[in-house]
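What follows is a short report on a single structure.
The values are calculated or read from the model by the stated rules, or taken from the named source; none is laboratory data. Everything quoted here is computed from the prediction, not taken from an experiment. Cβ sites come from the backbone with ideal geometry, for glycine too, and all protein chains shown count toward neighbours. Accessible surface areas use protein heavy atoms only, side chains included; no ligands, DNA or RNA. Shrake-Rupley method; radii C 1.70, N 1.55, O 1.52, S 1.80 Å.
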Protein chains: 2
Amino acid sequence: MKTLLTGATGTLGRAVHALLAERGHEVVTAARKNADITVDITDPESIRAMYEKAGRFDALANAAGWVPWKPFAELSHADVLAGLAGKAASQVELVRQGSAYGTDEASFTLITGVTTRDPILTGSVASLANGAVEAFARAAAIELPHRQRVNVVSPTVFTESIEAYGDLFAGFEPVPVRLAALAYVRSIEGHQTGQVYLV
Amino acid sequence: MKTLLTGATGTLGRAVHALLAERGHEVVTAARKNADITVDITDPESIRAMYEKAGRFDALANAAGWVPWKPFAELSHADVLAGLAGKAASQVELVRQGSAYGTDEASFTLITGVTTRDPILTGSVASLANGAVEAFARAAAIELPHRQRVNVVSPTVFTESIEAYGDLFAGFEPVPVRLAALAYVRSIEGHQTGQVYLV
């Protein structure tokens, strides 16, 4: 199975890469740098170039997304737009363009996070983008052609990352990033669509 | 109670206006035309001018939002951005700027729709924007200053509008728009925050 992995170089992307490789996937990595293909997923033209270069694939797994983390009172309109571009419109574009490049049963796996349902301080743009992507995936799932599928992995904070967030996730049980990687496998190798896998 | 009602001239806005007036609110209407204040909620500068003109308010009720309805395969990247601007970033901006103009206990009531949870054909951008706003409201609710509040009204298709949608909502039970207006009252006159009122 040929899997194109965007955001391959981050904490999550590396864990997804390792697990997919263990499972025998031919993984083609994409990221802003240090990957098989260089891509900026906020730029539709860069996404097009990536898909042209990667060729037909069985699965697109995305582990990339960026939003600003700021107190609500300090957010600018530009912050809101940047978060929507960085984590919502970018992931929509991966599916919108990717449908033409994937196989007939290709799957798309997108990334959100716990803040869709459990908000935290400074996370209002994260919640905004995550909520967008989860609802979008449910909708795109009923319109994708052939038997293409789309799911979302929505993890809580990772054991590997929690120190970087200080007390923002106080009281949250962190999970090893490997559990999120497992959810990617469930999405890619399973046959469900329109699902949000809570990790 | 002084309530600023944006999107006052549509099917929903008129019903909200009528019910709030019945309940003794001082309603200040805002819309693209035919309202007390002219506003384009996709333009942050127009929102600023509206708030300056309206003066301090106890409640902001928004009944405006626009997204493109198109088959997924026909969506352009511009459609996606237009929908996010028309129904998501616009409503975020009403709260973001409005917090400084509302009273200490001001409420914000936003609008989404059933497509967050129940997708329909041609509705993927509607789902995207609605999911964004619902998750945003949960997040902004824990950061708004003083005792300001934010809730969302998420109605299914209205009895008054269902003919315009043809078979898109086949099998959905339509509701009278007055039930959605009631949910605005529940949000404005109640004391909850971060809620999504399903209608």
Quiz item: Considering only the other residues whose Cβ falls under 14 Å of the Cβ of A:E45, what net charge follows from Lys and Arg at +1 and Asp and Glu at -1?
Solution: -1
Quiz item: Taking each residue of A:92-105 in turn, how many C-beta atoms of other protein chains fall within 10 Å of its C-beta, and what is the average?
Solution: 2
Exercise. Could you let me know the centre-to-centre spacing of the stretch B:1-60 and the stretch B:91-120, using Cα atoms, in angstrom?
Key: 13
Quiz item: Counting Lys +1, Arg +1, Asp -1, Glu -1, what net charge surrounds B:F169 among other residues with beta carbon under 14 Å of its beta carbon?
Solution: -4
Self-check item: Residue with peak Gaussian network fluctuation, chain B [Cα springs, cutoff 10 Å], from B:D118, B:D104, B:D40
Solution: B:D118
Practice problem: Output the peptides A:47-54, B:2-9 sorted from most to least packed, where packing is the average of other Cβ atoms within 10 Å over each peptide's residues. | Solution: B:2-9, A:47-54
Quiz prompt | Column: log10 I(q)/I(0), Debye, Cα scatterers of the stretch A:38-177, q = 0.10, 0.18, 0.19, 0.21 Å⁻¹ | solution = -0.36, -1.03, -1.11, -1.25
Quiz item: Along the charge dipole of the stretch B:138-188, which of B:V177, B:V157, B:H146 sits closest to the positive end, that is, farthest toward it, with unit charges on the beta carbon of Lys, Arg, Asp and Glu (+1, +1, -1, -1)?
Solution: B:H146
Exercise. One decimal, nm, shortest first: give the distances between the label point of B:E173 and those of the same position in the other copies, each label point 7 Å from Cα along Cα→Cβ.
Key: 3.6
Self-check item: In the stretch A:100-199, trypsin sites (Lys or Arg not before Pro) in a DSSP loop with at most 16 other beta-carbon atoms within 10 Å
Solution: A:R147
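State, to one decimal in nm², a quarter of the convex hull surface area for the C-alpha atoms of the protein assembly as shown, i.e. the direction-averaged projected area.
So the Cα hull casts an average projection of 18.4 nm².
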Quiz item: Across peptide B:117-129, what mean number of C-beta atoms from other chains lies inside 10 Å of a residue's C-beta?
Solution: 6
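Once you keep just the Cα pairs under 8 angstrom separated by 6 or more residues, what percentage relative contact order results for chain B? Mind dumping the intermediate values first?
Values: 401 pairs, mean separation 41.3, N = 199.
Computed value for chain B: 21 percent relative contact order.
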Self-check item: Using a 7 Å Cα-to-Cβ projection, A:E45 label spacings across copies, nm, ascending
Solution: 2.7
Quiz item: If you put +1 on each Lys and Arg Cβ and -1 on each Asp and Glu Cβ, how big is the dipole of the stretch B:2-198 around its Cα centre, in Debye rounded to 20?
Solution: 280
Self-check item: Spin-label pair A:R186/A:H146, simplified geometry with 7 Å Cα→Cβ offset, distance in nm
Solution: 2.6
Practice problem: Rounded to the nearest 0.05, what FRET efficiency do B:R23 and A:S76 give with R0 = 35 Å and r taken as the Cβ-Cβ distance? Could you check? | Solution: 0.45
Quiz item: So which chymotrypsin sites (Phe, Trp or Tyr not before Pro) in the stretch A:89-186 pass both tests, a DSSP loop state and at most 16 other Cβ atoms within 10 Å of the Cβ?
Solution: A:F172
Quiz item: Between A:D118 and A:R56, 0.36 nm times their residue separation minus their Cα-Cα distance comes to what?
Solution: 18.6 nm
Exercise. Give me the accessible area buried between chains A and B, both sides summed, with a 1.4 Å probe, in Å² rounded to the nearest 100.
Key: 3000
Quiz item: Could you list log10 I(q)/I(0) for the stretch A:102-199 at q = 0.14, 0.20, 0.21 Å⁻¹, which the Debye formula gives when each Cα is one point scatterer?
Solution: -0.54, -0.95, -1.01
